[in-house]
Amino acid sequence: MNRKEHIGEIMELTFYDRNGKPVAYTTENIDIYAFNGTILAYIEGDSVYSFSGKHLGWYIDYSIIDHNGYYFLFTEKSMGGPFKPFKQLKPIKGFKQFKPFKGFKQYKPYKPYLKITWSNLTFEQFFEL
């Protein structure tokens, strides 16, 4: 079974932050890019990993959740979680960076209980930029 089958239907998703700002998008539901073209991470099953192999968070019901169970990013298909703000207009996408090789994946931590509030992590902190 390939990674696309773990995620479901293949589509591009836009991720919005707690203020409704579009900050990232996926290609075929797998690779996560910033709008400037920087490759940030990838989704595998219910997890978000950096290309170095570090487990960054969870991908649950079309939302990205941090390790403490707080909602970090949402999409138009997100279900549950905190109140979603009005979505701002998407910026123009920059040229995509080449994908780096994937490192060995870190073991997943236990899933936390989901909170119904937003994460306080910044974009840079979550994606370790």
Tabulated pairs, the stretch 104-117, first part of a loop (DSSP other than H, G, I, E, B), second surrounded by fewer than 10 Cβ atoms within 10 Å (Cβ to Cβ), C-beta under 8 angstrom, 6+ apart or interchain: none
Some residue of the stretch 98-120 being at pLDDT 95 or above and within 22 Å of Phe35 (Cβ to Cβ): yes
Which listed residue, of Thr27, Thr75, is crowded, with 17+ Cβ neighbours inside 10 Å and either modelled with pLDDT under 95 or farther than 15 Å from Ile116 by Cα (or both): Thr75
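The values are calculated or read from the model by the stated rules, or taken from the named source; none is laboratory data. Because the structure is a prediction, the values reported are computed rather than measured. As a convention, Cβ positions derive from the backbone with ideal geometry for all residues, glycine included, and neighbour counts pool all protein chains shown.
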